[in-house]
Amino acid sequence: QVQLAESGGGLVQAGGSLRLACTLSGRAFGDYAIGWFRQAPGKKRQFVSAISWNGGKIDYADDVKGRFTISRDNAKNTMYLQMNSLKVEDTAVYYCAADLTVRTVIDGESGYWGRGTQVTVFP
């Protein structure tokens, strides 16, 4: 059974940075594409970024391009989201998602989801 656990959320001032991490257990981390979604209060869940099993394919939502960077360390079973130049509108619960193909992750159809970590950006 695949389990995902997010960490690294918190409170940060606009313009600041945070790094989120997601660890996968229960299966071989390197077999899975993995990504991030976020959901703000009263809004639909939104795709943020995803990375293929070997890092060969990476995708970002338009509103985070140039500010967020996704990466993975298969030796540590961990994926990271470096978030720079944070904006108030980035405030949301950030969820890690994993599946066997990056397309499945990007489409929001992942079979595995974490419980989320709160990111709050204040003015």
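The values are calculated or read from the model by the stated rules, or taken from the named source; none is laboratory data. The shown structure was predicted, so the numbers you read here are calculated from the model rather than taken from an experiment. Cβ placement follows ideal geometry from the backbone for every residue including glycine, while neighbour counts extend to all protein chains displayed. Side chains are part of the model used for accessible areas, which takes the heavy atoms of the whole protein and leaves out ligands, DNA and RNA. Shrake-Rupley method; radii C 1.70, N 1.55, O 1.52, S 1.80 Å.
Couple of notes before you dig in:
- For the range 91-101, 3J(HN,Hα) computed residue by residue from phi via the Karplus equation (6.51, -1.76, 1.60; θ = phi - 60°) reads 4, 4, 8, 9, 10, 8, 9, 9, 6, 6, 10 Hz, glycine and proline entered as x.
- Per-residue SASA remark: E109, around 130 Å² accessible (1.4 Å probe; ligands, DNA and RNA not included).
- Net charge of neighbours whose Cβ lies under 14 Å from the Cβ of A40, counting Lys and Arg as +1 and Asp and Glu as -1: +2
- Gyration tensor verdict on the chain (Cα atoms; rounded if a/c is under 1.5, prolate if a/b is larger than b/c, oblate otherwise): prolate
- Share of carbon and sulfur in the accessible heavy-atom surface of the chain [1.4 Å probe, %]: 47
- Given charges at beta-carbon only (K, R positive; D, E negative), |dipole| of the chain in Debye: 140
- Restriction of the trypsin sites (Lys or Arg not before Pro) in the range 14-123 to DSSP coil positions whose beta-carbon has at most 15 other beta-carbons within 10 angstrom yields R27, K43, K44, R45, K57, K65, R67, K87, R115.
- 222 nm mean residue ellipticity, helices alone, for the chain (DSSP H n ≥ 4; -39,500 (n - 2.57); rounded to 500): -1000 deg cm²/dmol
- Accessible surface for D62 stands near 120 Å², nearest 10, in the context of the full protein assembly shown (1.4 Å probe).
- Once both labels are positioned 7 Å from their Cα atoms along Cα-to-Cβ, the gap between S17 and A61 label points is 2.2 nm.
- Model label sites at R115 and T69, defined 7 Å from Cα along the beta-carbon direction, differ in position by 3.1 nm.
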